[in-house]
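The values are calculated or read from the model by the stated rules, or taken from the named source; none is laboratory data. All of these numbers come straight from a predicted model, not from anything done at the bench. When we count neighbours, we look across all protein chains shown, and the Cβ atoms used for this are built from the backbone with ideal geometry, even at glycine.
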């Protein structure tokens, strides 16, 4: 076996070990109690669009309100790599520097991640302010088990691309997982030092190692947000597509002087059972807001949906 093939074989062994670490964490997430009710906070335009089109928008994770969330997770990996390489051979430091460049400039090229966010918290002041027009919007209350089951098991191509999970807000937890993933591969960085590789083989080896490590780190990062967001109690619907080709059925919408990519998830097959309630925001004008909600419910042909007013005494910013 040539030196490059021996090196790639070692990386393959690491991939198997790293995947087991990722799968162990995901199994723990999947063992968490099933959700019953999830909320989607939005403004009046978002509300009317969701009902009129009977679709939910899945936004590119790098274009969401907190575009740094994946990079926040990745920053823990960079810290661990820098600590491990502080007194290492220049080659190892070079690998870490290249990996940090990926983190800063090319993280959004690894794959296409589209998310739709819900909350397990009902009538939450912070989310009215952040996501529902400073309390003038709406919260759509879904039967979480019905919406989740259709999204994961029955929607077109669901089993190939779709998943759901509760977000985690524990920096110590993600650091421990990353430490396990990185310590399991760190010794492989020095493989070219003890084996004669051509320049092309050298780059192939380190690029492959970097790609396989980043794939597992990103998979974990998708489950975590900064601890400052813990009050949101987010429940995430996720679609993942290959990064080397455009994601299918992409659409664009304007936001803050840029075009944002998104995909649509059609929930109309379960509209009669999935949507349970509409909550009108605490700063909204009650009569007009209720009439607006009834109009779009009737237009969508959705019946028996309760409409209620937020119980929060509200003072807008």
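Listing for the model above:
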| read-out | value |
| --- | --- |
| Residues that are more than 18 Å from the chain's Cα centre (by Cα) and in a strand (DSSP E or B), drawn from the stretch 137-163 | 138, 139, 140, 141, 142, 143 |
| Some residue of the stretch 76-83 being modelled with pLDDT under 95, surrounded by 17 or more Cβ atoms within 10 Å (Cβ to Cβ) and under 19 Å from the mean Cα position of the chain (by Cα) | yes |
| Residues of the stretch 1-45 that turn out to be under 21 Å from residue 232 (Cα atoms), over 20 Å from the mean Cα position of the chain (by Cα) and assigned to a helix (DSSP H, G or I), as a count | 1 |
| Number of the exception - residue 95 against (1) surrounded by 16 or more Cβ atoms within 10 Å (Cβ to Cβ); (2) at pLDDT 85 or above; (3) closer than 27 Å to residue 241 by Cβ | (3) |
| Enumeration of residues in the stretch 166-178 that are buried (at least 17 other Cβ atoms within 10 Å of the Cβ) and closer than 21 Å to residue 20 by Cβ | 168, 174, 177, 178 |
| Spans of strands (runs of 3 or more DSSP E) in the stretch 198-308 with at least 1 residues free of Cβ contacts under 8 Å to residues at least 40 places away in the same chain and surrounded by fewer than 17 Cβ atoms within 10 Å (Cβ to Cβ) | 251-255, 258-266 |
| Members of the stretch 119-135 that are in a loop (DSSP other than H, G, I, E, B) and on the phi > 0 side of the Ramachandran plot | 123 |
| Looking only at the stretch 46-68, and only at residues there that are at pLDDT below 90 and assigned to a helix (DSSP H, G or I), the one that is nearest to residue 256 (Cα to Cα) | 63 |
| Residues that are more than 14 Å from residue 80 (Cα to Cα), assigned to a loop (DSSP other than H, G, I, E, B) and in contact (Cβ under 8 Å) with a residue 60 or more places away in the chain, drawn from the stretch 176-197 | 195, 196, 197 |
| Residue match in the stretch 165-172 (condition: within 21 Å of residue 10 (Cβ to Cβ) and without any contact (Cβ under 8 Å) to a residue 12 or more places away in the chain) | no |
| Flag for residue 88 being at negative phi, part of a loop (DSSP other than H, G, I, E, B) and over 17 Å from the mean Cα position of the chain (by Cα) | yes |
